[in-house]
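See below for the structure under consideration.
Bear in mind that the values in this text are calculations on the coordinates, not laboratory data. These figures come from a predicted structure and were not determined experimentally. All Cβ positions, glycine included, derive from the backbone under ideal geometry; neighbour counts span all protein chains shown.
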Amino acid sequence: MSRHMLVMFPLLVVGGVALAYGLPRSFHARLLPWNREGIPGLALAAAMLMTWMIPNALDSATESLLVDALKAVCLVVAGFALAVSMPVAGLVAQLFFVWNSVMMLVYAGVLYQSLPTRLCSAYLIDDQAQTGLYLVCFAVLLGMAWLGHAWCRLRFASSSGPGRRSR
């Protein structure tokens, strides 16, 4: 379960990000009218990521090759949507998306750790508890990484702004 959620999921999302960065800028420009302020893309990514956090969806993906392929496509599309949307989204929109993602991961992680019954029939209870701990750790790292990104973005914007005097 931990390999499924903490290795495969991020790798597929990173694959979508790589796909987005591999496409020409003209393609990204054509997406801008449908992705105002990055909100539609962030909403799409959030919906796809939330869907595959549902234990029943994970079970279906382990039992059916078709559902597993659908999961892979969804996660690549989510990564693509994130790569296209985060640069055009303001910090408030990014904060909303990242905060909700972090809280979803924490909630799922605590749930996986604390429930005495298996949520996914394809995985053992010990693996479920271990995955829960790793999800909480991953959530903390994700939140800290975004905070570092936001701090650098704000610091760079304030140091190169129009009101800045050179010494």
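Listed values, structure above:
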| read-out | value |
| --- | --- |
| Selection from Cys74, Ala61, Pro40 lying farthest towards where the dipole of region 1-147 points positive, charges on Cβ | Pro40 |
| Overall form of region 42-155 per C-alpha gyration tensor (a/c, 1.5; a/b vs b/c) | oblate |
| On Cα atoms only, tilt of 91-114 relative to the major axis of the chain in degrees | 20 |
| Tilt relative to the chain, helix 9-22 - C-alpha long axis, 0 to 90 degrees, to 10 | 30 |
| Between region 1-65 and region 122-149, the Cα center-to-center distance that results, in Å | 18 |
| Cut-off 15 Å between beta-carbons: net charge of the residues surrounding Val7, Lys and Arg +1, Asp and Glu -1 | 0 |
